[in-house]
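Presented below is the structure to which this report refers.
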Amino acid sequence: MSLSGRRAVVTGAASGIGAAVATRLAALGAHVVVCDVDAEGATGTAERIGGEALALDLSRTGELAERAFEADILVNNAGIQHVAPLERFEPERFAFMLRLMLEAPFLLTRAVLPGMYERGWGRIVHIASVHGLRPARTSPPTSAPSTASWACRRSSRWKARRRASPATACAPGTCGRRWSRTSWRTRRRCTG
Ligand SMILES: NC(=O)c1ccc[n+]([C@@H]2O[C@H](COP(=O)([O-])OP(=O)(O)OC[C@H]3O[C@@H](n4cnc5c(N)ncnc54)[C@H](O)[C@@H]3O)[C@@H](O)[C@H]2O)c1
């Protein structure tokens, strides 16, 4: 498969899954825009894969709604993990997660779809979580953005596919040292 001539935007690509996806897309020939709030990390990934860095805080959704984006491939990957029992889950943290992991993907998808329809080709991937399919018992609010992301993907897929822009979602389990360490530490705290 060659993605030569395609422009890919990968969010949260300064590290982890996003950086791996960006690396693979670049290896297949795509021009990759490495979008991340971590400007230094984004530049590092972009330099390594011959792409372009875009430093952006995706939780600032007011500003995001005003911006124009062009992409043949959009990978909505940026996210954070926060695990806490519901009664101690900070409302602002919950709102932040919804902005970053639900509202920003919606705004980016909304921005790139018209161009994909026009060109008759596009791919949209949402990196959700296994918790979107099987809610986290220890921290119910953690599952909310992923569950909603699955629902949006399902309802938008049919129409988008008919217009040549299939959307899909992935549900990673725990992977990567940073996440596994947090997961196990906080899970122990939540469950005793
Ligand atoms: N690693 C896992 O075990 C796991 C499990 C389930 C789901 N996921 C999902 O996979 C995705 C990637 O996870 P990862 O393990 O690679 O994590 P990671 O922490 O390595 O990467 C996340 C990236 O998102 C960026 N980011 C955070 N806040 C941002 C913001 N406000 N604006 C722009 N970028 C921002 C970070 O700087 C970071 O580079 C996340 O959406 C996460 O929910 C991961």
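Values quoted throughout were computed directly from the atomic coordinates according to the rules given, and no laboratory measurement underlies them. All of these numbers come straight from a predicted model, not from anything done at the bench. Positions of Cβ are generated from backbone atoms using ideal geometry, with glycine treated the same way; all protein chains shown enter the neighbour counts.
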Point to revise | Count of segment 62-82 residues which are outside any loop (DSSP other than H, G, I, E, B) and under 14 Å from the mean Cα position of the chain (by Cα) | key: 4
Check your understanding: So how many residues does segment 2-24 have that are on the phi < 0 side of the Ramachandran plot and either touching a Cys at 6+ places or on another chain (Cβ under 7 Å) or away from the ligand (no atom under 15 Å from the Cβ) (or both)?
Key -> 10
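Condition check ((1) more than 14 Å from the ligand (Cβ to nearest atom); (2) surrounded by 22 or more Cβ atoms within 10 Å (Cβ to Cβ)) across all residues:
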site: GLU63; (1), (2): no, no
site: ASN77; (1), (2): no, yes
site: LEU107; (1), (2): no, no
site: TYR117; (1), (2): yes, no
site: HIS126; (1), (2): no, yes
**Study point:** Which listed residue is small (Gly, Ala, Ser) and without any contact (Cβ under 8 Å) to a residue 24 or more places away in the chain, from ALA71, ALA27, ALA13
**Key:** ALA27
Exercise for review: Mind listing whichever residues of segment 25-51 are more than 11 Å from the ligand (Cβ to nearest atom) and either in contact with a Ser or Thr (Cβ under 9 Å, 6 or more places away or on another chain) or within 22 Å of ARG119 (Cβ to Cβ) (or both)?
Suggested key: LEU25, ALA26, LEU28, GLY29, ALA30, HIS31, VAL32, VAL33, ARG48, ILE49, GLY51
